[in-house]
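Heads up: the structure comes next, in structure tokens.
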Amino acid sequence: MTNVPQNIVNPILPGFNPDPSICRVGEDYYIATSTFEWFPGVQIHHSKDLGNWRLLTRPLTRPEQLDMRGNPDSCGIWAPCLTHADGVFWLVYTDVKRHDGSFKDAHNYLVTAPEIEGPWSDPVYVNSTGFDPSLFHDDDGRKWFLNMIWDYRVGYHSFQGIQLQEYDPVAKSLTGPARNIFKGTELGLTEAPHLYKRDGWYYLLTAEGGTAYGHAATLARARRIGGPYELHPDKHVVTSRFFPDNPIQRAGHGDLVETQNGETYLVHLMGRPRPGQNRCQMGRETAIQKCVWGEDGWLRLATGGMEPQSEVSGPDLPSHPFAQEPDRYDFDGPDLPLPFQWLRTPYPERLYSLSERPGHLRLFGREYVGSFFEQALVARRQTDYDFEAETRVEFQPVSIQQAAGLIAYYGRYQFFFLAVTLHEQLGRVLTILSCPGDYPGGFLEAPLDRPVSLPDRGAVAMKVTVEDMALRFFYRVEGLEDWQRIGPVFDATILADESGRGPHSNFTGAFVGMHAMDGSGAGQPADFDYFGYRNFT
């Protein structure tokens, strides 16, 4: 019986899920996306119908695989590539140590696993010539490693093209000459290479134009893997750069997959700016487009042209929905719930415990919010324009340098933090610490004229709402039935790639979660007994 294709609504991976790489194994589809400075590294989602997805795993979990302490904001894991060959999953990724100025310190690694959920191997170091690595398995058994080439020299274009070099899986190293096989188009900033083979042609899909509003996915092909590569007649397969009114913007960086029935789909990066604003609070997300191969051997969107569609026709596959994520976690299990991540460090036992006080997430106060090394910040992605999140914390500060509470966070220069802390005269108080885009200083603003006095002991419930670009905080203590507003109305779009970024770009997305800081070094604990998140739709 033929399945009735279901329409797929974009984005398929909402919230901060950029740079998608897609892989099919039998009836299962997997997408790997960048996680930047958030740990564990690389998000892998799973689907059986290309429309319904669930977060499945994050493979980079150990210090041997990834240590990002000291990595600046928007560094860390860039553009993973997930493939399957020889009965094994292959994952290549970049750990970027610097991205501002003329230099990019970008180290590329490879890990493998017999199953998608692991165990994943220790990494093999591959090279550092540029970021966005990709691994292509040719039908003759040879393997080829690709990445963009970075050129720091003054007077030269920093994106020098796409490098190709053979990879020896036995020696676990590159071999033979490295070649620049594709310089890109006049759009420039050529990156994110993926190779495919079809009907005797090698097809090279790249991203161009930067990851903002001039982004595009460019296609070229050659009879030999080393080129020369000829451009697609339209140059680009998908882009929003000519369609400023399309709700999908920043369309580019992508990867192709063929279904078991021979249909072709393109997954690609996208952003959803607020109407009338060029600020994407959810950061860079993942969309999907149905494609067709023309009689001329070139790939195009099934709808014609290169404009991304908000709704596309699904494949000829049975619908396969997954259980929805719960809207509340009570921290009753031994492990941190999968939606939550923390920043940079591979040693989470120094940040939190789920066993020291059962039924609670205990955060140990570490460095101040914004540290590049060790923050006790555990958070989940914002995935909706309008949402509310809440928690309840028990915290007994003994120093003005200690604070714990609910945080809406983008990066060290962009956050709003509702916190229990200590005041010399008032005792335990509730305050707000905000940094609405102060680059490069990261100086705090004090939106409250006076902190709110709290009882000497007891839990404090906290809530944040984001509605129509307005971010508001609320609190409740024992004896109060209703939520109490605290602080001004903040601009929620501050928590976006495009705001407060200074001279260099940011590439992540908004998070909401729990934070504990202790500048005294004592590691004062804060106990959170639940965390809830729900959208307003």
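The values are calculated or read from the model by the stated rules, or taken from the named source; none is laboratory data. Being a predicted model, the structure only gives us computed values, none of them experimental. Using ideal geometry, Cβ is built from the backbone for each residue, glycine included, and neighbour counts are taken over all protein chains shown.
Checking the condition surrounded by 15 or more Cβ atoms within 10 Å (Cβ to Cβ) and either under 27 Å from Asp73 (Cβ atoms) or in contact with a Phe, Trp or Tyr (Cβ under 9 Å, 6 or more places away or on another chain) (or both), which residue from Ser134, Ser102, Ser121 passes? Residue meeting the stated conditions: Ser134.
Quick one: count up the residues across segment 25-36 that are surrounded by 22 or more Cβ atoms within 10 Å (Cβ to Cβ) and either part of a loop (DSSP other than H, G, I, E, B) or basic (Lys, Arg) (or both). Residues flagged as surrounded by 22 or more Cβ atoms within 10 Å (Cβ to Cβ) and either part of a loop (DSSP other than H, G, I, E, B) or basic (Lys, Arg) (or both) within segment 25-36 amount to 2.
Among the conditions (1) aliphatic (A, V, I, L, M); (2) touching a helix residue (DSSP H, G or I) at 6+ places or on another chain (Cβ under 9 Å); (3) at negative phi, the only one that Met469 does not satisfy is (3). Of the residues Leu135, Leu205, the single one that is at pLDDT 95 or above, farther than 24 Å from Ala302 by Cα and part of a strand (DSSP E or B) is Leu135.
Can you find a residue in segment 435-449 that is over 31 Å from the mean Cα position of the chain (by Cα) and assigned by TED's automatic domain parsing to the domain that holds Gln401? Yes, segment 435-449 contains a residue that is over 31 Å from the mean Cα position of the chain (by Cα) and assigned by TED's automatic domain parsing to the domain that holds Gln401. Selection of strands (runs of 3 or more DSSP E) fully inside segment 151-201 by the criterion of at least 2 residues being among the basic types (Lys, Arg) returns 191-198.
Could you grab me the full set of residues in segment 258-302 that are in a loop (DSSP other than H, G, I, E, B), over 15 Å from Pro247 (Cβ atoms) and in contact with a Lys or Arg (Cβ under 9 Å, 6 or more places away or on another chain)? Once the filter is applied, which keeps residues that are in a loop (DSSP other than H, G, I, E, B), over 15 Å from Pro247 (Cβ atoms) and in contact with a Lys or Arg (Cβ under 9 Å, 6 or more places away or on another chain), segment 258-302 yields Thr259, Gln260, Glu263, Gly283, Gly294, Gly297, Trp298, Ala302.
Here Arg380, Arg476, Arg472 are screened, and the one residue that is assigned to a strand (DSSP E or B), in contact with a Phe, Trp or Tyr (Cβ under 6 Å, 6 or more places away or on another chain), surrounded by fewer than 24 Cβ atoms within 10 Å (Cβ to Cβ) and without any contact (Cβ under 8 Å) to a residue 60 or more places away in the chain is Arg476.
Yes/no per residue for (1) out of contact with any strand residue (DSSP E or B) (no Cβ under 6 Å at 6 or more places or on another chain); (2) of a type in the set (Ser, Thr, Tyr); (3) over 30 Å from Arg54 (Cβ atoms):
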site	(1), (2), (3)
His84	no, no, no
Trp90	no, no, no
His107	no, no, yes
Gly141	yes, no, yes
Arg153	yes, no, yes
Tyr167	no, yes, yes
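Exactly one residue out of Leu66, Leu50, Leu56 is aliphatic (A, V, I, L, M) and part of a strand (DSSP E or B): that is Leu56. Taking each residue of segment 271-297 that is more than 26 Å from Leu50 (Cβ to Cβ) and not assigned by TED's automatic domain parsing to the domain that holds Tyr385 and looking for partners that are hydroxyl-bearing (Ser, Thr, Tyr) and in a loop (DSSP other than H, G, I, E, B) with beta-carbon atoms closer than 8 Å, six or more apart or interchain, yields Arg274/Tyr385; Asn278/Tyr213; Arg279/Ser499.
Looking across Ile8, Ile22, one residue alone is outside the structural domain of Gly118 (by TED's automatic domain parsing), aliphatic (A, V, I, L, M) and part of a strand (DSSP E or B). It is Ile8. Here Leu338, Leu343 are screened, and the one residue that is under 24 Å from Asp518 (Cα atoms) and touching a residue at least 40 places away in the same chain (Cβ under 8 Å) is Leu343.
Taken over segment 281-321, the criterion of being out of contact with any helix residue (DSSP H, G or I) (no Cβ under 7 Å at 6 or more places or on another chain), crowded, with 16+ Cβ neighbours inside 10 Å and either at pLDDT below 95 or of a type in the set (Asp, Glu) (or both) is satisfied by Met282, Gly283, Glu285, Glu307. Checking segment 86-93 against the condition returns a match, with at least one residue being closer than 20 Å to Ile31 by Cα and part of a loop (DSSP other than H, G, I, E, B). Checking each residue in segment 394-414 for being surrounded by 20 or more Cβ atoms within 10 Å (Cβ to Cβ) and more than 15 Å from Pro72 (Cβ to Cβ) picks out Phe395, Pro397, Gln402, Ala403, Ala404, Gly405, Leu406, Ile407, Ala408, Tyr409. Out of segment 59-95, which residues are farther than 19 Å from Tyr167 by Cβ, surrounded by fewer than 22 Cβ atoms within 10 Å (Cβ to Cβ) and touching a Ser or Thr at 6+ places or on another chain (Cβ under 7 Å)? Matches in segment 59-95: Arg69, Ser74. Taken together, the criteria exclude Arg153 from residues that are loosely packed, with under 15 Cβ neighbours inside 10 Å, more than 28 Å from the chain's Cα centre (by Cα) and within 20 Å of Leu82 (Cα to Cα). The condition (being outside any strand (DSSP E or B), within 19 Å of the chain's Cα centre (by Cα) and in contact (Cβ under 8 Å) with a residue 40 or more places away in the chain) is satisfied by just one residue among Asp73, Asp122: Asp73.
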